[in-house]
Amino acid sequence: MMKYDNDTIFRNGNSLILAYDHGTEHGPTDFEPQPESADPRHVFEVGRHDAVTCVAVQKGIAETYYPEYRDEVNLLLKLNGNSALPEREDYYSPKQCSVQYAVEELGADAVGYTMYAGSIHEDQMWKEFREVQEEARKYGVPVVMWAYPRGKGIQNSEYSGQKDPDLIAYAARLGLELGADMVKCKYPGKQEHWEEVERVTGEMKTVMSGGSKRSDEAFIEDVQSVINAGGNGLAVGRNIFQREDPEELLDQLEEVIFED
């Protein structure tokens, strides 16, 4: 595990990642509450806010739009992804981009990879993640694991649900074991449950997944709980770009994550 406290996607050791891979994962439905968010330039403009340490996008968005914002926005290139359209045997997110292309051609400051622990395709994703992690080490860029436990192995075990605190802690621990520099996890519902995530992840950084849109108050409360428990910030999409004016919320998040 590398030390990246002074890297461009971190500020005072913490991060606020503006995630914008929803067009791949969910389709246009996530843009409907705020139609202008379908335009990547709108989200990159939001990403210019001082609170945002990087914007996470897929390869095609980076190729087309990132050159305009290279001097103002840091790039986290999401290397794998899938759509919600096919009927699959189980969860799997194929790799769409190499670390070499992300860094050399697109100027990525960090890379991200979704790991569906518990899927019958987990072994293949472990292999792909190993290649990503080792290639990222050669370029000196951080690796962020989207640690999402999902699949038939979970459905058929004593674990159930994406907010099971034991399951979230297990998925986060895999990030440490496999060499991630940061894991992005679902919020398990209570500060004491995030404290367990911190206990099992050692020096690896952790950020909360923003999830679906909710009130400013409820959202800030969850983020504050993560920071209080020792977490390192937030990876958020819909709770930012679905708002008509995200500036006020970003101002509050800046205080909680970097200044509180």
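The values are calculated or read from the model by the stated rules, or taken from the named source; none is laboratory data. Given the structure is predicted, the values throughout are model-derived calculations rather than measurements. Glycine gets a Cβ as well: all are built from the backbone with ideal geometry, and neighbour counts include every protein chain shown. Surface areas here come from the heavy atoms of the whole protein model, side chains and all, with no ligands, DNA or RNA. Shrake-Rupley method; radii C 1.70, N 1.55, O 1.52, S 1.80 Å.
See the values below:
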{"read-out": "Selection within the range 68-93 - surrounded by fewer than 13 Cβ atoms within 10 Å (Cβ to Cβ) and under 21 Å from VAL132 (Cβ atoms)", "value": "SER83"}
{"read-out": "Identity of the residue in the range 19-49, in contact with a Phe, Trp or Tyr (Cβ under 6 Å, 6 or more places away or on another chain) and small (Gly, Ala, Ser), that ends up most open to solvent (accessible area, probe 1.4 Å)", "value": "ALA38"}
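Residue-by-condition table, conditions (1) touching a strand residue (DSSP E or B) at 6+ places or on another chain (Cβ under 8 Å); (2) outside any helix (DSSP H, G or I); (3) more than 27 Å from ASP181 (Cβ to Cβ); (4) open to solvent by 30 Å² or more (accessible area, probe 1.4 Å):
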{"residue": "PHE219", "(1), (2), (3), (4)": "no, no, no, no"}
{"residue": "VAL226", "(1), (2), (3), (4)": "yes, no, no, no"}
{"residue": "ALA235", "(1), (2), (3), (4)": "yes, yes, no, no"}
{"residue": "ILE240", "(1), (2), (3), (4)": "yes, no, no, no"}
{"residue": "ARG243", "(1), (2), (3), (4)": "no, yes, yes, no"}
{"residue": "GLU248", "(1), (2), (3), (4)": "no, no, yes, yes"}
{"residue": "LEU253", "(1), (2), (3), (4)": "yes, no, no, no"}
